[in-house]
Amino acid sequence: MFSARERVAKLPEVERYSNLKYPYRLNFYDRPPLDDITIEEFETCALDRLRVLAEIESSFVRNRTWDELKNVTQNQSEKYLPLNSRTALTVDRDSERRKDHIGHYVLRLAFCRSEDLRRRFVKAELALFRIRYDTDDADERRDFVSSKDFNWVEVPESEVKQHMSDLIAASSHFKDFDLKKERFFKVKWTRVPDLVEKRKVFLKDGMAYVPQREQSSIIFQEYQKSLEKALELTAKALPRLDEDTRIVPILENLSQGFLAGVSSEWSTGTASTNGEQLTADMIDGIARAHYPMCMRHLHETLRRDKHLKHNGRLQYGLFLKVLGLSIDEAITFWRRSFSKIQEDKFNKEYRYNIRHSYGLEGKRANYAAKSCVQILTAEAPGTGEAHGCPYRHFSEDNLASALISTYSSQGLTTSDLPDIMTAVKSKHYHVACTRVFEITHGRYGVKKGEGIGLGESVTHPNQYAAKSREYEKARMDTMEKASEDVVMSST
Amino acid sequence: MESVSDDQMLAFYRRLYPFKSIFHWLNQGHAPTRLFTHRELAFTLKGDVYLRYNSFNTTEEFKKQVCLLNPTRFEIGPVYSARPKDKKTVRPAAFKPTLRELVFDIDMTDYDEIRTCCSDAAICSRCWVFISLAVRVLDKAIRTQFGYKHLLWVYSGRRGIHLWISDKEAIELTDDERKAMVGWLTVIAGGKEMHKKVNVRQPNKPLPPSIQAALEPLAETFMDLILEDQDCFESKEGWQELLHLIPDKEIQSDLRERWTKHENSSSEKWADLRAKIKELPKVSSRRTLMSYALEDIVLQYTYPRLDAEVSKHRNHLLKAPFCIHPKTGRVCVPVDPHDIDNFDPEKVPTVGQLLNELDQAGSDEHHADWEKTSLKPYIEMLDRHAAGLMEETRLAVRSGMDMSW
Ligand SMILES: [Zn+2]
């Protein structure tokens, strides 16, 4: 058998493309792979794709800009899921595309299982598709688009001329609109309801005249719709697949890999970093040294008022649970903190709720500690309430003075404030919090831009506290080791 | 105003109400389809008793029930995935609205902040001009922009007008698509607290083409209706509202001073405003901005005001054509949009008048009762409209199109 590369040299260019089993780099994945797939291929194709999608998802969580996300995704794709355009004659494009095809289908199986997984998978896949679409070879993309039946008709030049002024007026929301450079496509107006609702197209006889630059939004919408539908169908068909004992464990593994991404890593589990047992009376010290601003605010409000309102108790209580406070220590902690409250009132009103949050009462759910996203999007604190994110829910001057009084002992000064406030003003609360982490951990050698390690930003209060405690522990270990060395050398 | 007695109402249903025409219009064919059999009809009985989820297999069944209940009015709802009368016995998931004429409702009360002749429920031939203008503009926009052909305009019996669109595509629109279309057609937005209610253009850009197209007939009527007849800027509140819509602070304060000093008519004020603009340099951003502001003012005072909620959801119920308005006794007759300017709501036949005409006509075996009354032209109008729809169905069936509703 000839290899693809050997044949290439003998044929004119057009022919070379048509020889590809996968003629286009872009794929709507509307047909499943039908060749035999080995179980190793099954797993590696999926894992490599997951590495790309997980990076996309973590970019969303970390509020990366579209350009940053694009860069990160392209780097990751180059490493794990290269996908060259058809003009890359020296590359085995078919095998790249086959891997892309298989990986997508395996992940569909892994992520169709719950609505949440489906939503996240579609979001990440759609971003990947958009990036590939934006960076695709222009000719190849054009051929891909015309290979699909989008049921649109290019508006002939004579017709464009006829409606010239209307097309220009309808496109006035584009900054650099130039009628001469724009091609238009006609579709039924019901295909672009969003553009119709905002009057962003010219409409005649029920047809919307969509400029080429808006064409991509039709394609993305189409891809999203068909993927959503396909995932629901797969979910319905999955029980039959569950009989295949070779595949199920792999799928379980894959979906957990996605779940354990940046956003949820810190939500559950009560493993304490140091392996030591946390006790109620250690909390004050840990709060001073390792808490992010939101938890400091809750802790200090609790100390000052000897009480916290419901939402505050919930946010702080679950944080303490994940920090490693056992149920018995938690009850001790809250009992002592609510010092103005009578024993029987505490037992009646609060003990149950604490046990409940540890999954020991009621429906015995393992409640997760709230992530930054959840804290930011939950109901804002009202009067007398202390929950929420200070970077978002404090006024600017209150935030500035709170930061100084809270963290000046750890090295934060007024000259750091402008930097932090710029992030707050542009609503990048994560960035502000991460910056504070960097400053207050400067004594451990953390530098600006390092975040909580390897450039990662704060996405969870527990992640903040745990990383902070790790730095401390690392230094203690070094010191211990150093002192041991001293002891040893003296003997 | 006459109020309608139970006997009059019953006689009207028995002898005059065009059940067959209504059936043809809703069903779009002779043999009953889901368009009729799965259609919700809701009856309002005396004492505000409301009976929902009725459905019928045939016109005869429908008429029999109406004559039995003698409702003060009835409303037409969507076609459901199951027969509405079986609602209690089917799974909720199997009972969903699927098809429905696309409907629009224009009500005179939405013009209360503009019209000076009447308010609330009252309506006169002078304020009807707002409605007839709205009909002309919307009828044209929907036909040319959306390409729909089967539009039925129906007088609501008192102070407004309904539009029913029966094209196949229109009937099949999802709620989201209906919402998008309402967005496209809505120009006036914002409540009492908002002075400027027209915000449809990109900053410093001309109007979107669809609205530009409506502007010409509106500007024409603006002179007669707003400046002359309604004299909207004569009163202090009136011209102060106008000043709020002028973006050029200098012109605004000049005019405020002038109009505070001496009273004048709306036309004179409009002339003052235009004279001020003429003083501005020909090619200047101030002048462009002011000419755009004038266009926006014309739109704010004359562009059709839609009751958006009625149109957005398939399961919204709307009063059936040819019902009797209980307060006025007038029949909700279809209206020819091309002759809308000659339509006078006060000349619409009342139920009492129609029954009188029947009494005087005497017995004539060769004609149906309705043909002997002034209801005739209106029923013929609906029949012509329904015939157009049935012809479309016939052609579609012949060309093998899927018409299995
Ligand atoms: Zn009036």
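Before moving on, here are some points about what is shown:
- Verdict on B:Asp120 being on the phi > 0 side of the Ramachandran plot, away from chain A (no Cβ under 14 Å) and not hydrophobic (A, V, I, L, M, F, W, C): yes
- Residue among A:Gly451, A:Gly384 that alone is part of a loop (DSSP other than H, G, I, E, B) and crowded, with 17+ Cβ neighbours inside 10 Å: A:Gly451
- The listed residue being surrounded by fewer than 20 Cβ atoms within 10 Å (Cβ to Cβ) and touching a strand residue (DSSP E or B) at 6+ places or on another chain (Cβ under 9 Å), out of B:Asn315, B:Asn356: B:Asn315
- One residue stands out among those in region B:88-106 that are touching an Asp or Glu at 6+ places or on another chain (Cβ under 9 Å) and open to solvent by 30 Å² or more (accessible area, probe 1.4 Å): the one that is farthest from the ligand (Cβ to nearest atom), which is B:Thr98.
- When A:Asp67, A:Asp94 are checked against the criterion of being open to solvent by 30 Å² or more (accessible area, probe 1.4 Å) and closer than 23 Å to A:Val373 by Cβ, A:Asp67 stands alone in meeting it.
- Filter pass, B:Ala170 being among the hydrophobic types (A, V, I, L, M, F, W, C) and within 14 Å of chain A (Cβ to nearest Cβ): yes
- Residue pairs meeting the criteria (Cβ under 6 Å; at least 6 apart or on separate chains; first within 14 Å of chain B (Cβ to nearest Cβ), in region A:171-186; second of a type in the set (S, T, N, Q)): A:Ser172/B:Gln202; A:His173/B:Gln202; A:Phe177/A:Ser171
- Selection count, region B:243-276, where residues are touching a helix residue (DSSP H, G or I) at 6+ places or on another chain (Cβ under 7 Å) and within 22 Å of B:Lys197 (Cβ to Cβ): 14
- The residues on offer are B:Ala189, B:Ala213, and the sole one that is within 14 Å of chain A (Cβ to nearest Cβ) and under 21 Å from B:Asp139 (Cβ atoms) is B:Ala213.
- Taken as a whole, the structure places B:Thr116 among residues that are within 16 Å of the ligand (Cβ to nearest atom) and modelled with pLDDT of 90 or more.
- First in region B:117-142 and among the basic types (Lys, Arg), second anywhere and within 7 Å of the ligand (Cβ to nearest atom), Cβ under 7 Å, 6 or more apart: B:Arg126/B:Cys117
- Helices (runs of 4 or more DSSP H) contained entirely in region B:119-200, each with at least 1 residues that are within 16 Å of the ligand (Cβ to nearest atom) and open to solvent by less than 10 Å² (accessible area, probe 1.4 Å): B:125-141
- Residues of region B:11-52 satisfying the condition of being under 30 Å from B:Met390 (Cα atoms), of a type in the set (A, V, I, L, M) and touching a residue at least 24 places away in the same chain (Cβ under 8 Å): B:Ala11, B:Leu16, B:Ile22, B:Leu26, B:Leu35, B:Leu41, B:Ala42
The values are calculated or read from the model by the stated rules, or taken from the named source; none is laboratory data. The model shown is predicted, which means the values in this text are computed figures rather than measured ones. Glycine also receives a Cβ, built like all others from the backbone with ideal geometry; neighbour counts cover every protein chain displayed. Accessible surface areas use protein heavy atoms only, side chains included; no ligands, DNA or RNA. Shrake-Rupley method; radii C 1.70, N 1.55, O 1.52, S 1.80 Å.
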